1. Looking only at the range 41-58, filter to residues that are near the ligand (Cβ under 7 Å from one of its atoms) and in a loop (DSSP other than H, G, I, E, B); which one of those is nearest to the chain's Cα centre (by Cα)?
2. Select from the range 6-22 the residues that are open to solvent by less than 10 Å² (accessible area, probe 1.4 Å) and β-branched (V, I, T) and write down the one among them that is nearest to T318 (Cα to Cα).
3. Filter the range 308-343 down to residues that are buried (at least 16 other Cβ atoms within 10 Å of the Cβ), assigned to a loop (DSSP other than H, G, I, E, B) and hydrophobic (A, V, I, L, M, F, W, C), then give me how many there are.
4. So which residues in the range 182-220 are open to solvent by less than 40 Å² (accessible area, probe 1.4 Å), within 16 Å of the ligand (Cβ to nearest atom) and out of contact with any helix residue (DSSP H, G or I) (no Cβ under 9 Å at 6 or more places or on another chain), if there are any at all?
5. Just for the range 422-453: of the residues that are open to solvent by 30 Å² or more (accessible area, probe 1.4 Å), charged (D, E, K, R) and outside any helix (DSSP H, G or I), which one is farthest from M394 (Cα to Cα)?
6. Condition first: within 25 Å of R356 (Cβ to Cβ) and either β-branched (V, I, T) or surrounded by fewer than 18 Cβ atoms within 10 Å (Cβ to Cβ) (or both). Now tell me which residues in the range 288-307 satisfy that.
7. For the range 59-145, please list each of the strands (runs of 3 or more DSSP E) lying entirely inside it that holds at least 3 residues being over 22 Å from A26 (Cα atoms).
8. I want to confirm something. Restricting to the range 161-181 and keeping residues that are in a loop (DSSP other than H, G, I, E, B) and more than 20 Å from A90 (Cβ to Cβ), which single residue is nearest to the ligand (Cβ to nearest atom)?
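The values are calculated or read from the model by the stated rules, or taken from the named source; none is laboratory data. Since this is a predicted model, take the numbers as computed values, not measurements. Neighbour counts run over all protein chains shown; Cβ positions are idealised from the backbone, glycine included. Just the protein is used for accessible areas: all its heavy atoms, side chains included, with ligands, DNA and RNA removed. Shrake-Rupley method; radii C 1.70, N 1.55, O 1.52, S 1.80 Å.
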Amino acid sequence: MAQVETFDILVFGGGKAGKTLAIEQAKAGKRVAVVEAGLIGGSCINIACIPSKTLIRSAEVAHATRRASEFGTEVDNVRTSLDLVRNRTASVVAEMVAFNQAGFDASGFDLVIGWGKFVAPRTIAVDTGNGIRTLKADKVYINLGTTAAVPDMPGLLAANPITHVEALQLGDMPSHLLVLGGGYIGMELGQAFRRLGSEVTIIETGSRLGAREDEDVSSALLEVLQREGVNVAFNCAGATVAGRSGQSVSIKTSDGRIFEGSHLLVAAGRRPRTADIGMESAGVELDTRGFIKVDEHLRTTADGVWAMGEVAGTPMFTHASLDDYRVVASQLKGGDRSTKGRIIPYCVFIDPEFARVGLNETEAGLRKIEYRTARLPMDVVPRARTLSQRQGFMKALVAKDTDEILGFSMLGVYAGEVMSVVQMAMLGKVPFTAIRDGIFAHPTITEGLNMLFGNVK
Ligand SMILES: Cc1cc2nc3c(=O)[nH]c(=O)nc-3n(C[C@H](O)[C@H](O)[C@H](O)COP(=O)(O)OP(=O)(O)OC[C@H]3O[C@@H](n4cnc5c(N)ncnc54)[C@H](O)[C@@H]3O)c2cc1C
């Protein structure tokens, strides 16, 4: 083994949790190294949340411009250049990378760029492209993330499908984008490309979109996408693929339906980055799906090794990875924060947004939790009318015998922001009646919460 460099803390993968921990610990005077394959700042800012939301914003502007006459402005010859959209996305990403790099430099941790692999307990060899560096620490924090899963479908690999990584960097508009998977990435990118000018077909193996949501949400999501001309095909399990993405590609289902397109995007789930990383040399055990086994303090099966973020099976959101940082950082300060019972909200950035915090009806039913529901169509919220964004609904779950808010789902304009208001109430254990009777500014979308909670029986 080459000469071993020793540190107090080694962060393996610079995702949200890892980089935040590294900065904090380095500033506190610890000797810290971060092993990162090359994404300065992790997936979120380079290839996931930030570029996708930037592209989605460009798509919103294209869509709004085409609808301009509804608002009283005539616009002729609307044309979108995917090249310009890509440049805008790239510049937002570049700014955030530079911002992250500056934060890394200021904190003083050792950023080791290269592909890492465990070679012994708490010991990582990094291929820097300029030789191997071997690093060891008392405490190792794994934050390696996930990659797009490519399902085992005949012909799929040979078709050379794109993932979100390439989709967010395309300079030529796909004439017809086939999207494999109707989860949040498929819906977001499907709608965005439709608005930018592509034909889009989402091909889903299941029988509805957003499979973990209630059926009324799935139906409303479908309506949103179909209204804009996105084709959605369900029950497509057992399909085969022919052709090549970027040229001409087709998907044939087992019941004989054929979908043809120019590009094929796989958005069919995520795979943990744990293969060929030497986890066995480190004593880090994986579950049957390849995610790292952790307890509620994110400790792995190896002494002195923790795992954070998606690779540890944490819900796949940046803010969840950030909370994993809080869990491990708390232990370093003698605290006892854990992943137990935490509320993790999320927002799907289709337009209108879909957001949820806490339980939906399906989950409450499965857990045999008795509840009352209230529902409110967005159409009756005055601000939704002024914005001409009337689609969707809010839905709240309240405990049957107390005034506790159990959950909130919303498909509608500014859903992510409105959800956070309800989340604050849930965090503060505020009864639903306080929101029902609270004074909210008029006309905001949030004032709809008065009416929603007024509908609780
Ligand atoms: C298209 C898309 C859109 C998304 N949109 C949102 C959103 O709007 N909101 C939201 O909350 N979440 C979103 N997510 C999810 C979000 O990106 C992740 O949950 C978030 O980035 C946290 O990831 P993480 O901390 O687990 O690891 P990551 O950020 O993935 O970091 C892992 C790091 O490990 C590095 N690495 C991996 N293997 C090695 C190795 N062997 N050696 C060295 N380095 C290695 C990688 O380069 C990477 O930088 C989106 C995801 C995708 C794919």
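1. A48
2. V11
3. Number satisfying all stated conditions: 3.
4. Of everything in the range 182-220, those that are open to solvent by less than 40 Å² (accessible area, probe 1.4 Å), within 16 Å of the ligand (Cβ to nearest atom) and out of contact with any helix residue (DSSP H, G or I) (no Cβ under 9 Å at 6 or more places or on another chain) turn out to be G183, G186.
5. K429
6. Correct list: R289, V294, E296.
7. Ranges flagged: 115-120.
8. It comes out as G181.
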